[in-house]
Structures are given as C-alpha cells and as structure tokens.
Amino acid sequence: MKINAAHGGGGKLMNRLIHDIFEKHFANETLSAMEDAAVLNLPAGKIAFTTDSFVVTPLFFPSGDIGKLAVCGTVNDLLMRGAIPKYLTAGFILEDGLDTETLEQVAASMKQAADEAGVQIVAGDTKVIDGKGGLYINTAGIGLVETSLNVSVHRAEAGDVVLLSGFLGNHHASIQSGRLGIENKIQSDCAPLNDMVLGLLKAGVEVHTLRDITRGGLASVLNEIAEGSGVCIGLDGGLILADAEVQGFCDILGLDPLYMGNEGKLVAMVPERDAQKALSVLHNARYGENAQRIGKVSACEKPIVTIRTRAGGTRRIDTLQGEGLPRIC
Amino acid sequence: MKSIEQCIQTIKAYSGPSIRLMEVCGTHTHSIFEHGIHDLLSPQISLISGPGCPVCVTPANYIDRAAEMALREGWTLCTFGDMMRVPGEQGSLLEAKARGGDVRIQYSPMDVLGWAEAEPNRTFVIAAVGFETTLPVYALLMEHLLDHGLKNVRLLTSLKAILPALHWICESDPAIDGFLGPGHVSAILGSAAYEPLCKKHHIPLAVAGFSFEQIVLAIHDLLMQVQADTCEAHNLYTNVISQEGNLRALQLVDKYFVHQTSNWRGLGEIEASGYVLKPEFECFDAGSQFVVNETPERNGCLCGQVIIGRISPADCPNFGTICTPASPQGPCMVSMEGTCGIWYANQA
C-alpha cells in the first residue's frame, strides 16, 4: 500500500499505520500505553539528552538504512558524552507515495538497532506531506551519565593520545556509490558504539573527549576539539586511514578520507598512561578491530590540527569547507 | 640514475642563482602541499603555481550566464561540484540554486543523457569547463547526443588549451626558469607536444605524476636542466603518458571542436587558447560566444596575478582577511585546485 494524506490525518488509517507498523515493531510498556507523553522512571543523577534528524537518500544502502542510521546516530551522540543510552523518541515525516512495506522495513531495522544499543523507543509521531515517496526521521534520546563523569569536547589536554576506532569513509563512500550507481563492495559502517564506549568507561580509562566522526569527517571533528579545548592536535605521518577499497574510491573521485562522513567511528582523547589499555579495549570491542593511535594533543596558543608530511614537515588540516563535492579533474 | 634520497639532497643543497619553477597543474600544487615538498627545497628554488585550475581561469561573466540559464523556466544547468561556489558578478551557482534555479551536480557529463531522456521537454545546459583532460569527455558526450538523437542538451563552453597559456606566461614577466608539466593534460596531449614551447622560449619542462617521488624527480630534473642550460621536454610519468598522447581522444576532440580565441579570468584574451563547438554543431551550443571578460574583479581580487605566478596568495590584501574558503572573493580560493584555497588550507 502507498502512503497518502489520510495516513497523517489522525483517523482510522493513521491508527492502523501506528498499530500495524510502529507498535508492532517497537512494542514496549511505555509506548503501547499510547499516552500523549511517555513518563519515565529515571534514577537520580545526570541525564544526557540529544536530538538528530535523518534525511539520507537512498533510504537503503549496503549494511544499513535510514532507520538504523536514525537509531545509531542519536545513540552514538549520547555515548559521546559518556552516557548509557536508555530511551528514544521517533518522529516520522512521510511523503505521500511511500510504500508501507518500505516503512515497515525501516521500522524493523530501527527495532533491531535499538535492541543492539539497549534502548527503547518510547514515544513517536507521524506526519504525511506532499512529495514523491520520501521518508525523513527525527530521533531524540535520553541517556544516564555517571555523576562524576565529564566527557567533553572541552576536556582534551596537552599530552593526551588521539585514538581512532577504525578506518574512515565507508559510510560516505557507500552512500555516494549508491547515488552514482558505482558498483563496489563498500559497506556503510553505521553501528551503535555502546560496546566501545562503555568498555572504555568500565575499564577505568580516564576518557577526556569522545566524538563520533560524522559529517565533515575526522578533520572537522579534530578542529572542533582543538577549538573547544584550546589545544593543538598533531597527527602522525604515514597513517593508513582508509581501507584499500575506500581509498581507491577516494582516489578516483578526488575525495579525502579525512573529510568523509562515518556513522560508526569515534575519536577518543585519553591520557598517555591509559592509551595502551584504551587501545586494547577498542580492539576487543565490537566494530573496533582496526582501532589505531593516530596522534597527540599539545599545548599551543592558536588551536590548529596538523599532520606530518612525507618530507618531514607539517601541514595544516582545516575544517571541511562547504560540501565534499566531486571535482572537474 | 640517482635515488630519491640523492635527488632530495641535491635540491636541498643547491646554492646557485635563484630559480623559479612553475607547477602548471592545480593537482600538483595540492600534492606539493600534501607531501610538504616546500620543506625539501633550497631557499634558492621557489615553486610557483600556474594557471592549470580550470575553475580559476573561467571568466566571472560565464558564471553569471550559467546562473541565468539555471533560473530560466524549464531549464537545468548541469555542473561539476567545484563550480558551485565560484563567485560570478551576480553571485554563485549555489546562490542561483537557492533562488529556485535548477542546478544539478554531475559526476560525469554523461549523467545528462539519462536526465535529458527522462525529461524531453526540459533544456539541459552543461557547464563545459576544463582543459584537454576533460575535453574528450565532452566530445564523447556529443557522440552520444547524436547517437541518441537528443536535442534538449546544450553546452555552455569555456574550454581551454594549456599550451597557448604557457606561451603567454613565457612572454610575460617575471620569467619562469622551468615548468613542472601537468600530469593529466599530458596524458591526452603527449609529452612531445611541449617540445616547440621548450625550444621557442628556451625553457625546460618535466612532466610528472602526483606522487612524492614523481614531484621530487621532476624538480631535480628541472634543476639539472637549468644548470646545464638545456631546454628539453622530459617525460617522467612514462607509465601513464606517451610521447604522442591519446590519439583516439585527440581525434574525437577534432571531430567536434575547433580552436578559438578565449577569455581567461585574470589573463584576458589569448589567441587560439580555447575550444568551441564546430559551426556544424552550433545547435548544441548555449551561446558560449557571448561570454565576455570585461568586468573588473570584485573587491580588488588578484586571482589573475596569482594564476600566472606574478604574486603569491599571501601578497593579496584580501587573502585570509575578506577572502577565505567560507567567503571566497575569487575562484582561486574556491577550488580544491585553486592556489589560494590550497595555501589557506595548509598554512600552519
């Protein structure tokens, strides 16, 4: 069946949509009560609270879809503050003409990702707008934060080691391949990073800063950290930052893995004394097998990010300017 | 043959008269910064960026015409991504898109074939910009347009030939002592195409690829040639570039395009330095002959001086002040191959 205006009209068709798709897949005590708002029992202490919207096309891509992305994106944002993700809300904006089967596939995928991330979807909303069968999702999330914990973009310190949880660019390259009709085996890295982050905290690593490397890529994220903490970040030379297939894709299109978006990668700043332990936690965690140490944080007057060059000097790595667009030659 | 280490030692230790070498191609400028090649050079050797960024040499007036076409009812402008943010006199293509213009980013000019077939009543204009590297792709597109009988595609051309521009630079001041020849363009033209230039202006040239090793070898080659007072066109990129070039591509270009005087942003008119569609294919042209180059650059932008190596980006009062990648005043700050943008991004 195709979505039409009546599915957003508040009547019978909308109730059926909610019941047959959202409640069927997301079912939990709070959601199924169908109240205007979810009332949650939270322990005393700090909570992390965030929101994100997802407008990706194509809706389905190798190793993921917009639903998985909508759950992982918000879950990862909570994790980056050291929070244990607990509850999500999901708002759906559907364009008329969307297949209900497509919507159901996306909902099923959200449920699967939510289960892996240990979160419940406790409230939701649906609207239908004119269009051509598109689908957009907003998720908001709540997580619990240990009272003494302060993982923040403002806490990187001189002497910290920079750890990267895996190779860069797979999500970006996978989506771009889908849009361009380029056939390859590149899979999105879209994933919830609970195992890694909670592993670091459990192992007693003094984590200063965590950031998931989404839009703008590692270069932009490191610049935000440098700026936020008033430090310089120096990357080692000769790093292998992308796997062979993504690197090949970048070479053809003139893209740089440092500026490519990911949906299941993080960068962590930890003190030198904890670096080895942290790296071994990442290596043993789900999605962290290619984690590596990539550089160091140092004190400086003007916060910038640099990388060692082949010639033994350094060059600056700036924030992404505009979009990462294909070039003329 | 000397090892890379020996070449590095030589170019570092050089203490003779100062030498100015120009890397013609923007991708070389990019690689030179990426690998930190400047750190390897004797203070007596300076590298100057040349005019080989297609976006940078396209007249501002061209952008305005393209934007105007994008805003026409039932028209679409198709472009490579790096043209989107280049400022014309009336704004950029990105701004035209925001005003409701239909601007589509193509990954290959061939993308338009599918679009034009799906929407036969819409007119698609291709922003056909580039050097000999991209030129054969437009020739191939023409081949497909004729094969498919597609009549709703037009080319707005600002296609450039690199050799006339190099002659022009050799004839202007200050003198250049050697050229690092462009890798991609030479794959089409062949290394022998540079021999008349080298002879006429008594200047050495070394065609190289984009790796650290290739660039070091080319600088070393040029230094040796300058010291020996030779003026040969050497090909160091032999696994990609032949002496005679890509004959099939050149034939295809000849089938559809003809040389004509062309306007270069910042340089002005250079005789026979452009390519336009032959008169028999005029119906595929979107009025390219109306692109002029009379307007002064906005806010005193000195891109024109930068792309011929007369000044370095830091000499421009706009550089890093009112002109940054976030608010580019001229094309050199926009493109990934633009000298100012590369300098700005890499300044430590």
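Scanning the range B:198-247 for residues that are in contact with a strand residue (DSSP E or B) (Cβ under 8 Å, 6 or more places away or on another chain), of a type in the set (Asp, Glu) and assigned to a loop (DSSP other than H, G, I, E, B) returns a single hit, B:Glu232. Checked against (1) part of a loop (DSSP other than H, G, I, E, B); (2) more than 12 Å from chain A (Cβ to nearest Cβ), B:Pro51 passes all but condition (1). Just one of the listed residues (A:Arg286, A:Arg293, A:Arg308) is modelled with pLDDT under 95, assigned by TED's automatic domain parsing to the domain that holds A:Arg215 and not acidic (Asp, Glu), and it is A:Arg308. Residue count for the range A:107-132 satisfying the condition of being more than 30 Å from A:Leu222 (Cα to Cα) and either open to solvent by less than 20 Å² (accessible area, probe 1.4 Å) or among the acidic types (Asp, Glu) (or both): 8.
For the range B:67-87, residues that are part of a helix (DSSP H, G or I) and within 14 Å of another protein chain (Cβ to nearest Cβ) total 3. Pairing residues of the range A:201-216 that are on the phi > 0 side of the Ramachandran plot with residues that are open to solvent by 10 Å² or more (accessible area, probe 1.4 Å) and modelled with pLDDT under 95, at Cβ distances under 6 Å and at least 6 apart in sequence or on separate chains, gives A:Gly216/A:Leu320. Residue count for the range A:55-94 satisfying the condition of being more than 29 Å from A:Asn150 (Cβ to Cβ), open to solvent by 50 Å² or more (accessible area, probe 1.4 Å) and in a loop (DSSP other than H, G, I, E, B): 4. Residues that are within 14 Å of another protein chain (Cβ to nearest Cβ) and in a strand (DSSP E or B) within the range B:173-197 are absent altogether. Quick check on A:Ile186: is it in a helix (DSSP H, G or I) and in the same structural domain as A:Val270 (by TED's automatic domain parsing)? Spelling it out, it is not the case that A:Ile186 is in a helix (DSSP H, G or I) and in the same structural domain as A:Val270 (by TED's automatic domain parsing).
Is it true that A:Pro192 is closer than 19 Å to A:Glu289 by Cα and within 14 Å of another protein chain (Cβ to nearest Cβ)?
It is false that A:Pro192 is closer than 19 Å to A:Glu289 by Cα and within 14 Å of another protein chain (Cβ to nearest Cβ).
One residue alone among B:Ile270, B:Ile307, B:Ile241 is touching a residue at least 40 places away in the same chain (Cβ under 8 Å), over 25 Å from B:Leu156 (Cα atoms) and of a type in the set (Val, Ile, Thr), and that residue is B:Ile241.
The set of residues in the range B:109-127 being in a loop (DSSP other than H, G, I, E, B) and away from chain A (no Cβ under 14 Å) consists of B:Glu119, B:Pro120, B:Asn121, B:Arg122.
Does B:Glu337 count as within 14 Å of chain A (Cβ to nearest Cβ) and acidic (Asp, Glu)? Yes. Scanning the range A:206-234 for residues that are closer than 19 Å to A:Leu282 by Cα, open to solvent by 10 Å² or more (accessible area, probe 1.4 Å) and of a type in the set (S, T, N, Q) yields one hit, A:Thr214.
Scanning the range B:1-39 for residues that are open to solvent by less than 60 Å² (accessible area, probe 1.4 Å), in a loop (DSSP other than H, G, I, E, B) and either in contact with a His (Cβ under 8 Å, 6 or more places away or on another chain) or touching a residue at least 24 places away in the same chain (Cβ under 8 Å) (or both) yields B:Tyr14, B:Gly16.
Results for (1) over 14 Å from B:Leu252 (Cβ atoms); (2) buried (at least 24 other Cβ atoms within 10 Å of the Cβ); (3) away from every other protein chain (no Cβ under 14 Å); (4) not charged (D, E, K, R), shown as yes or no for each residue.
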site	(1), (2), (3), (4)
B:Val129	yes, yes, no, yes
B:Val137	no, no, no, yes
B:Leu140	no, no, yes, yes
B:His148	yes, no, yes, yes
B:Asn152	yes, no, yes, yes
B:Leu156	yes, no, yes, yes
B:Trp168	yes, no, yes, yes
B:Glu171	yes, no, yes, no
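Of the residues contained in the range A:148-166, none is found to be within 30 Å of A:Gly234 (Cα to Cα), in a helix (DSSP H, G or I) and not aliphatic (A, V, I, L, M). Checking every residue in the range B:35-44 against the condition of being closer than 30 Å to B:Gly274 by Cα and touching a Ser or Thr at 6+ places or on another chain (Cβ under 7 Å) gives zero matches. Answer with yes or no whether B:Val86 is in contact (Cβ under 8 Å) with a residue 60 or more places away in the chain, under 18 Å from B:Met333 (Cβ atoms) and either in contact with an Asp or Glu (Cβ under 7 Å, 6 or more places away or on another chain) or surrounded by fewer than 23 Cβ atoms within 10 Å (Cβ to Cβ) (or both). Answer is no for this residue. Residue pairs whose Cβ atoms lie under 9 Å apart, separated by 6 or more positions or on different chains, with the first residue in the range A:102-127 and at negative phi and among the basic types (Lys, Arg) and the second surrounded by fewer than 19 Cβ atoms within 10 Å (Cβ to Cβ) and not in a helix (DSSP H, G or I), are A:Lys111/A:Ala27; A:Lys127/A:Gly91; A:Lys127/A:Ile93.
Scanning the range A:38-54 for residues that are modelled with pLDDT of 95 or more and open to solvent by 60 Å² or more (accessible area, probe 1.4 Å) yields A:Val39, A:Lys46, A:Ile47, A:Phe49, A:Thr51, A:Ser53. Among residues of the range B:40-55 being in contact with a Phe, Trp or Tyr (Cβ under 9 Å, 6 or more places away or on another chain) and in contact (Cβ under 8 Å) with a residue 40 or more places away in the chain, the one that is nearest to B:Ser15 (Cα to Cα) is B:Ile45.
Checking each residue in the range B:88-108 for being over 30 Å from B:Trp168 (Cα atoms) and part of a loop (DSSP other than H, G, I, E, B) picks out B:Arg99, B:Gly100, B:Gly101, B:Asp102, B:Gln106, B:Tyr107, B:Ser108.
The values are calculated or read from the model by the stated rules, or taken from the named source; none is laboratory data. Values in this document were obtained by computation on a predicted structure and should not be read as measured data. Heads up, the Cβs are rebuilt from the backbone with ideal geometry, glycines too, and the neighbour counts pull from every protein chain shown. Ligands, DNA and RNA are stripped out before the accessible areas are found, and what is left, the full protein with its side chains, is counted by its heavy atoms. Shrake-Rupley method; radii C 1.70, N 1.55, O 1.52, S 1.80 Å.
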